[in-house]
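Scroll down for the structure; my scribbles are underneath it.
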Amino acid sequence: MNRGILLPAAYLVDEIAGDPEWFPHPVRLIGSTISRAEFALRSPHQSDTADFVSGLVLTAAIVSSSYWLTAAVIQAARKYSAVFGDATELSLAWTCLAARNLEQEASNVTDALRFGDLPLARILLSRIVGRDTADLDAQEISRAVIETVAESASDGVMAPLFYMAVGGVPLAMAYKAVNTLDSMIGHADRNYIYFGKAAARLDDAANYLPSRLCALAIVAASQFLSHVDPTSAWLTWRRDGSKHKSPNAGQPESAIAGALHVSLGGDNTYSGELIPAQRMGQEFPSPTIEKAVQSIRLVSVASLIGLAVGVLMVNLVHNRKHK
């Protein structure tokens with residue numbers, strides 16, 4: 001299928017269908033494979049070097065197999081018939097995107113906040129963030145929502161669209177494998193510091209361009225919404241984008257902090273351990289429920305801009321090849 005058609009078609013299917021639990025999602029298969037491979041590759045008392053090598057082998061195997069298996073499935077489907085091939089390619093492309101799921105999960109949290117149901121908001125928030133949520137107040141829940149939608153707009157929408165535009169569905173699926181590896185083993189705690197190092201570094205590299213494109217898209221999207229400041233989005237991004245412990249997450253988060261005039265970042269607790277962090281947009285007030293709701297609208301517009309850029313990239317490459 002022509003990628004100029006594939007990208008908007010996959011985005012449309014995702015907006016309509018989201019991520020239904022019954023659908024055999026490839027990312028769930030990737031996650032299950034990672035868990036089984038980790039059990040097979042690690043022993044309780046292996047050295048740090050062996051841990052790193054095992055993680056490197058796992059990372060290389062999962063990413064490469066995700067690419068080649070996706071390509072093989074599409075090719076086999078296309079041999080059966082062109083229509084079946086296009087349908088298979090579109091279905092796999094759809095599973096690489098998470099725009100609808102991101103919007104829905106975040107909206108569920110803000111809806112609970114607006115109804116004053118803090119216990120429910122904490123439970124719903126725990127579905128989309130890694131930090132401890134049991135003791136968060138409405139202000140901290142709102143901060144978590146804004147930070148999560150900004151970061152997820154990058155790795156759940158912008159990055160898959162970018163890699164789909166550059167290398168088709170197989171490359172987008174390989175990116176999803178990288179992202180899944182990072183979320184499962186790319187941690188800096190004692191258990192994964194060596195085993196997950198390769199996955200974490202590869203994820204940093206894979207998200208370098210998409211995260212910055214996402215920040216630019218947030219700046220651009222700020223032009224189209226009321227009560228949002230595009231100038232501040234740009235200035236805060238350029239000043240605070242490197243303050244996050246991640247080289248990439250701080251890019252869209254700092255942009256959205258400036259756009260909404262809210263202070264993001266700061267201390268979070270993970271599994272009972274307090275992890276300090278710098279503030280982005282520290283001159284602004286703390287987030288509110290209204291700002292959290294506004295952030296969802298903002299990243300939705302930014303995602304559409306990302307889609308338009310992806311289609312433009314495909315068309316430019318296509319036109320150059322046919323000159």
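Listed here are the residues, each with its yes/no results for (1) hydroxyl-bearing (Ser, Thr, Tyr); (2) in a helix (DSSP H, G or I); (3) within 13 Å of the chain's Cα centre (by Cα).
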{"position": "ASN179", "(1), (2), (3)": "no, yes, yes"}
{"position": "ARG190", "(1), (2), (3)": "no, no, no"}
{"position": "ALA199", "(1), (2), (3)": "no, yes, no"}
{"position": "HIS227", "(1), (2), (3)": "no, no, no"}
{"position": "SER232", "(1), (2), (3)": "yes, yes, no"}
{"position": "VAL262", "(1), (2), (3)": "no, no, no"}
{"position": "THR269", "(1), (2), (3)": "yes, no, no"}
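Checking each residue in segment 129-162 for being over 8 Å from the mean Cα position of the chain (by Cα), crowded, with 24+ Cβ neighbours inside 10 Å and among the small types (Gly, Ala, Ser) picks out SER142, ALA144, ALA150. Just wondering, is there one or more residues in segment 107-118 that are polar (S, T, N, Q) and within 17 Å of LEU171 (Cβ to Cβ)? Checked segment 107-118: no residue is polar (S, T, N, Q) and within 17 Å of LEU171 (Cβ to Cβ). Regarding VAL169, is this residue more than 14 Å from the chain's Cα centre (by Cα), crowded, with 23+ Cβ neighbours inside 10 Å, at pLDDT 95 or above and within 30 Å of GLN75 (Cβ to Cβ)? So VAL169 passes the test. Could you give me the residue pairs with C-beta distances under 7 Å whose first residue belongs to segment 178-190 and is farther than 11 Å from THR59 by Cα, whose second residue is in a loop (DSSP other than H, G, I, E, B) wherever it lies, and which are 6+ apart or on separate chains? If the second residue must be in a loop (DSSP other than H, G, I, E, B), the pairs left are HIS187/GLY196. If you go through segment 106-121 and keep only what is buried (at least 21 other Cβ atoms within 10 Å of the Cβ), of a type outside the set (Ser, Thr, Tyr) and within 22 Å of the chain's Cα centre (by Cα), you end up with ALA106, VAL109, ALA121. Residues in segment 240-270 that are at pLDDT 95 or above and β-branched (Val, Ile, Thr) were compared, and the one that is farthest from GLN282 (Cα to Cα) is ILE256.
Scoring GLN294 on the criteria (1) surrounded by 24 or more Cβ atoms within 10 Å (Cβ to Cβ); (2) touching a His at 6+ places or on another chain (Cβ under 9 Å); (3) under 25 Å from GLN104 (Cβ atoms) leaves a single failure, condition (1).
All conditions but one from (1) closer than 20 Å to SER32 by Cβ; (2) out of contact with any helix residue (DSSP H, G or I) (no Cβ under 7 Å at 6 or more places or on another chain); (3) in contact (Cβ under 8 Å) with a residue 40 or more places away in the chain apply to THR95; the one that does not is (2). Does segment 54-87 hold any residues that are farther than 22 Å from ASN179 by Cβ and either touching a residue at least 60 places away in the same chain (Cβ under 8 Å) or part of a helix (DSSP H, G or I) (or both), and which are they? Once the filter is applied, which keeps residues that are farther than 22 Å from ASN179 by Cβ and either touching a residue at least 60 places away in the same chain (Cβ under 8 Å) or part of a helix (DSSP H, G or I) (or both), segment 54-87 yields GLN75, ALA76, ALA77, ARG78, LYS79, TYR80, ALA82, VAL83, PHE84, GLY85, ASP86, ALA87. Between ILE5, ILE30, the distinction of being surrounded by 12 or more Cβ atoms within 10 Å (Cβ to Cβ), of a type outside the set (Asp, Glu), out of contact with any Pro (no Cβ under 7 Å at 6 or more places or on another chain) and closer than 15 Å to ALA199 by Cβ belongs to ILE30 only. Can you find even one residue in segment 216-236 that is surrounded by fewer than 19 Cβ atoms within 10 Å (Cβ to Cβ), free of Cβ contacts under 8 Å to residues at least 12 places away in the same chain, farther than 30 Å from ILE62 by Cβ and among the aliphatic types (A, V, I, L, M)? Checking segment 216-236: not a single residue is surrounded by fewer than 19 Cβ atoms within 10 Å (Cβ to Cβ), free of Cβ contacts under 8 Å to residues at least 12 places away in the same chain, farther than 30 Å from ILE62 by Cβ and among the aliphatic types (A, V, I, L, M). Residues that are among the basic types (Lys, Arg) and either crowded, with 18+ Cβ neighbours inside 10 Å or more than 17 Å from ASN2 (Cβ to Cβ) (or both) within segment 74-100 comprise LYS79, ARG100, listed in sequence order. Are there any pairs, at least 6 apart or on different chains, whose C-beta atoms fall under 8 Å, with the first in segment 275-290 and closer than 18 Å to ALA233 by Cα and the second of a type in the set (D, E, K, R) and in a loop (DSSP other than H, G, I, E, B), and if so, which? If the second residue must be of a type in the set (D, E, K, R) and in a loop (DSSP other than H, G, I, E, B), the pairs left are GLN278/LYS243; ARG279/LYS243; MET280/LYS243.
May I ask you to say which residue of ALA221, ALA215 is at pLDDT 95 or above, among the small types (Gly, Ala, Ser), closer than 19 Å to GLU103 by Cα and in contact with a Phe, Trp or Tyr (Cβ under 9 Å, 6 or more places away or on another chain)?
ALA215
The values are calculated or read from the model by the stated rules, or taken from the named source; none is laboratory data. This one's a predicted model, so the numbers in the text were calculated from it and none came from an experiment. Methodologically, a virtual Cβ is constructed for each residue, glycine included, from the backbone with ideal geometry; neighbour enumeration extends over all protein chains shown.
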